[in-house]
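Asker: Take this structure first; my questions come after.
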Amino acid sequence: MSYRTFKRLLGETSLERKCRFLFGGGLLILIVGSFAFYGHRTANLLYEQHEITGEMLTQTIMTYEHPVWVKQKEAQESQSDKAGEADEQPGAAEEAGLDQAALPSDATHNVKVPEFSTDLTWAVRSPDVQDTERPKDFKGHQAMTYLLQNKDAANVHRSDANSAYKFYGAVRATTACIACHQHADKQEGDLLGMVEITFPAHQTEKKLAENDAILLATAIATAFLAMVAAYAIVRYVIVKPVLHLKDVSDQIARGMLDLRADIRTGDEFEELSHAFNRMLRHLVAVQEELRHVNGSLDAKVDELAQVNMRLFEMNNLKNDFLTTMSHELRTPLNSILGFSDVLTGSANINEKQKRYLHNIQSAGKDLLAMINDILDLAKIESGKMELHLADFPIDETIERLVGMLSPLAEKKNISLNYEVDPRLPILRQDPGKLQQIIYNLLSNAIKFTPEGGRVRIAVTAIDNDQLELTVDDTGVGIPLEDQETIFEKFRQGNTAPGANNALTREFAGTGLGLSIVKELSKLLGGEVSLLSELGKGSTFTVTVPTHLADQPDQLDESRAQQAIDLTNLRRVDYGLLEIAGKEAGSPPKDA
């Protein structure tokens, strides 16, 4: 049986079948082996008794046979033709206690030995080649040869094919035998003769067969009773408690939580049922607690959803306010810049007035740039930012922007360099949006780099369909804790401890430049990443595709994502929650 078959037989069956198979199979093997060993041992004891009987009969037969055998040997030596000359010495037979008339003329006798109740035949065989009493069958010759070759052998026993047991006892020469018979060629221990005794085995085999039948019947009855006992033990002692636990578990799985295991066996199964009931009570208690917690959580989720809705509405109001105010501020600001340009061109103003007009124009342009940033961000968030795709070389755009910002860099003695990969193809992108990304990154780098620093922009090709734009500087750097929020709106990296709000900023600006870069990168199908260390500088990397397909459906992705986020939990500013609660006319909830 292979391992797979054995595993399929035991590993995929029930516990009851496994126990019955293993316990019953082992018990059956033990019973069969025990009874087989007992029967074999009994037969061996019987054959050993035959051997002991043969050894005893050898001496007795030689006592009966020795006078006649000696007489026959003398007659053979004198070459007498009379076979009955053995009767001339009746005294020898009388000395052995035998009636001479009872002895046949040859050395083979069929008598009933008085000391034994078993009918047997016996004969005395001679090892001499010329002797007429040589063994007359093949097994006798084998026994004679063995006894001749092994001086230490006392007997040989064989089983006959005719349901008989043959015993061959050796007659060895002693000192007295050699002196009496005057055998000059014999030595002590040499074989003088062999007694062949044949035991009838019919009765013995019959008794052995009866004994084997009794053993077999007893073994079958014992195995049957053992199987019944094993079935009862496995069924009612092992499997029944397990099935009870399984039934209770199935009922509990269907929702009947009031059921309990009831096993009263006084053993480990009863302890297991108690542990099962304790576990069930604990599960019911935990389930009840979870039900209450889920109810509270649902209420909290509803509250947070309502708060998110109010925050979304407030954010829309804020965006609408910023957009409206930006438009309203840009109109008079354009007028201020326009009239300042007109006044600057007048010939009747002095140098002091020109300096004042220059300050007005500089401040107005800065304010106009801030307003434009706010309008651009509002347009992006509202999904109204449109793409205007065109084919253009990126190196010309980089060269133009570097030339535009070079005066600002030279004013702070900053080295401004650029590198463009010559393998770059003609881009299919929105040149205005890409130019705004590069401008914001370069202006930020120059603004946050101290005098004598370095700013570098590099453009390389990636995988023939991606453009990687890198701007690195030796500026003040961005702290690690601010790098996750640096791309959020109105955020600016801290350059000193405690500078965590707009009132303590060292550098001017709205904090919208990087937020616009991130949103425009997404709009162009790319992304922006940051690598910075405080005090050593920053590296911004923008990756965009070289060829952007027309995908007008993706322009409203930001607005759609905002609508989806209304049903999701988000981080809430609890100060705003309190304001929203007051506006709604209800006290704020504890978070």
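Asker: Taking the range 219-255, which trypsin sites (Lys or Arg not before Pro) meet the DSSP loop condition and have no more than 15 other C-beta atoms within 10 Å?
Answerer: For trypsin sites (Lys or Arg not before Pro) across the range 219-255 that sit outside H, G, I, E and B with at most 15 neighbouring Cβ atoms in 10 Å, the list reads 254.
Asker: Within 10 Å of each candidate Cβ there may be at most 11 other Cβ atoms; applying that plus a DSSP loop requirement, which trypsin sites (Lys or Arg not before Pro) in the range 318-394 survive?
Answerer: Numbers: sites: 318, 330, 352, 354, 355, 365, 379, 384; in loops: 384.
Here the trypsin sites (Lys or Arg not before Pro) that fit, given the DSSP loop and packing criteria, are 384.
Asker: Here is a follow-up. Which residues does the label zone of residue 218 cover in the range 14-56, counting backbone N under 14 Å from a point 7 Å along Cα→Cβ?
Answerer: Residues 31-43 fall inside that zone.
Asker: Out of all DSSP beta bridges in the range 388-549, what portion is antiparallel? Express it as a percent rounded to 5.
Answerer: 80
Asker: Can you compute 3J(HN,Hα) from phi for each residue in the range 320-333, using the Karplus curve 6.51 cos²θ - 1.76 cosθ + 1.60 with θ = phi - 60°, rounded to whole Hz and x for Gly and Pro?
Answerer: Values, residue by residue: 5, 5, 5, 5, 5, 5, 4, 4, 5, 6, 5, 5, x, 5 Hz.
Asker: What does the charge count around residue 420 come to, taking other residues whose C-beta lies under 9 Å from its C-beta (Lys +1, Arg +1, Asp -1, Glu -1)?
Answerer: Taking every other residue near residue 420 into account, the sum is -4.
Asker: 5 Å is the cut-off here: which amide hydrogens, built 1.01 Å from N in the peptide plane, fall below it relative to residue 172, excluding neighbours closer than 5 in sequence?
Answerer: Those lying under 5 Å, H to H, from residue 172 are 192.
Asker: Would you tally the net charge around residue 474, using a Cβ to Cβ cut-off of less than 15 Å, leaving residue 474 out, and scoring K and R as +1, D and E as -1?
Answerer: Net local charge, residue 474 excluded: +1.
Asker: Expressed as a whole number of Å, what is the distance separating the alpha-carbon centroids of the range 258-317 and the range 324-395?
Answerer: Between the Cα centre of the range 324-395 and that of the range 258-317, the gap is 61 Å.
Asker: How do the peptides 416-426, 139-149 rank, highest first, by the average count of neighbouring beta carbon atoms within 10 Å per residue?
Answerer: 139-149, 416-426
Each reported figure results from applying straightforward, stated rules to the coordinates on display, with no laboratory input. None of the values given here were measured: they were computed from a predicted structure. All Cβ positions, even for glycine, are placed from backbone atoms using ideal geometry, and neighbour counts span all protein chains on display.
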